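Peer 1: The structure's right below; bear with me while I get my questions together.
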Amino acid sequence: MVPLSFAGIGEYTIKSVRGGRGMRRRLISMGINEGDKIRVIKTAPGPIIIAKNSIRIGIGFGMARMIFVI
């Protein structure tokens, strides 16, 4: 398991989210849950861009380091 902030471009599965209720609520509102399959499209500089199905989402580094993927 690695933090999303250190993951390279490719496909991953979200295994855990180590944030508070507010962060989990925000991710759920964006359609991101544990167990989801995502694709990292772009890493640094700037936000990490991920895709889930046909939706692209930008996630800041601070939030990305609390999302663990395999």
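Peer 1: Under the 0.36 nm per residue contour assumption, what length would be gained going from the current alpha-carbon distance of Met23 and Val2 to full extension?
Peer 2: 5.7 nm
Peer 1: Heavy-atom accessible area per residue, the chain, 1.4 Å probe: how many Å²?
Peer 2: 62 Å²
The values are calculated or read from the model by the stated rules, or taken from the named source; none is laboratory data. Just so you know, these numbers come straight off a predicted model, no measurement behind them. Each accessible area value is taken on the protein alone, full model and side chains, heavy atoms only, with ligands, DNA and RNA left out. Shrake-Rupley method; radii C 1.70, N 1.55, O 1.52, S 1.80 Å.
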